[in-house]
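The structure under discussion appears below in the form of structure tokens.
The values are calculated or read from the model by the stated rules, or taken from the named source; none is laboratory data. These numbers were taken from a predicted model, which means no experiment stands behind them. We place every Cβ from the backbone using ideal geometry, glycine too, and count neighbours over all the protein chains shown.
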């Protein structure tokens, strides 16, 4: 009866999980919630099996958590972890499904002090990247051959000696100016910034190398400071960052115009190899010499061709041909001139003969005599016409005089007109008492005023 009672307590629609399903679901939930996190603690129970993986616990005063770090990530650890070491790890929380145990799968491990620095480094990197200090658009190109090179580093370090040796070997003609500064310690960031500002103010270099030799993260930390990064970004002179070894990477490398893996590599970047240039110049000189020889040979062939053409058209030969042509034309001109003179002489003789036969002087004399007679006839005819015209004019004048108003006035008549309007008066009926009149006589005139008027009896 007991089993029956237990089974009756399980709902028919209840979902029953297996242990594997439960661990898998818990693992998925945990991994979704804690994808990546940083944890600090002390290493204990460290184990290194033959597989190359590491298994250990991280603990503090109150708790501990199991950790696994696989071989691929182990190779990136730059120190040998031991029990009792204080470390900072980055990993993801998960569940080892086979045992159902909660653990961290570690992806990165740093000593506790260096780990804090790396966290600061990542935060500053994200900040400066968001502001655009790493953008390629701000990078300046290095000069192909600088007139002067500046080095911002410690004057006593091995890095400056490596740089100077490489520069002397590759291109000793380029002068170098060292801007001395500390490259490690609390004052280093301020001195590096001041050296960069001094190089900008003095404006005597075409390119700057900023760097130092290798060391720990703490040793290189001055080149991860925000102050130094902003000074490099604001520098108008192209900057080559050469900090540490090839595996070292700093904020200065990201901000600089060019990153060199080592100080020696920086020296190789800023100047060309004089030997390579010399060999290139020799090759160019050889090519130029060959081109000149080919050019000279071509010009010589052209000169020979021109000489042949000039020989065929020598000025002496041309002058001889022109002289011969002039003689030929002179002869032709003389013959043509002689023929023209003979022709003109013949025409002149013919003209003289025609003139003699026409006797122009006698003809002119006959015309002169006929002209005199015509003048006499015209004068006689003109005088008769004038006399006739005078007689007709006199008769017309006498007739006109007979009907002239003046002649009527001389017989005692007068012309009377209104003094104001000048209208000639012909009828006394048109007159009124007191009217002013004026009269025209044969000699002179008068003005009068009407006192009385007398009408004809026949007037109505």
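In a residue-by-residue description of segment 136-157, the property of being assigned by TED's automatic domain parsing to the domain that holds residue 245, farther than 20 Å from residue 197 by Cα and touching a helix residue (DSSP H, G or I) at 6+ places or on another chain (Cβ under 7 Å) applies to no position. Would you point out the residue of segment 31-49, among those that are modelled with pLDDT of 90 or more and in a loop (DSSP other than H, G, I, E, B), that is surrounded by the most Cβ atoms within 10 Å (Cβ to Cβ)? It comes out as 48. If you check residue 5 against the conditions, is it modelled with pLDDT under 75 and farther than 26 Å from residue 60 by Cβ? Yes. When the residues of segment 180-221 are filtered to those that are in a loop (DSSP other than H, G, I, E, B) and crowded, with 19+ Cβ neighbours inside 10 Å, the one that is modelled with the lowest pLDDT is 217. Within segment 266-278, work out how many residues are touching a strand residue (DSSP E or B) at 6+ places or on another chain (Cβ under 7 Å) and without any contact (Cβ under 8 Å) to a residue 60 or more places away in the chain. Counting residues in segment 266-278 that are touching a strand residue (DSSP E or B) at 6+ places or on another chain (Cβ under 7 Å) and without any contact (Cβ under 8 Å) to a residue 60 or more places away in the chain gives 0. When residues of segment 420-443 are filtered for being in contact with a strand residue (DSSP E or B) (Cβ under 9 Å, 6 or more places away or on another chain), closer than 22 Å to residue 405 by Cα, in a loop (DSSP other than H, G, I, E, B) and in contact (Cβ under 8 Å) with a residue 12 or more places away in the chain, how many remain? Qualifying residue count, segment 420-443: 2. Output the residue which, of all residues in segment 407-416 that are modelled with pLDDT under 80 and surrounded by 10 or more Cβ atoms within 10 Å (Cβ to Cβ), is farthest from residue 449 (Cα to Cα). So, considering only residues that are modelled with pLDDT under 80 and surrounded by 10 or more Cβ atoms within 10 Å (Cβ to Cβ), the one farthest from residue 449 (Cα to Cα) is 407.
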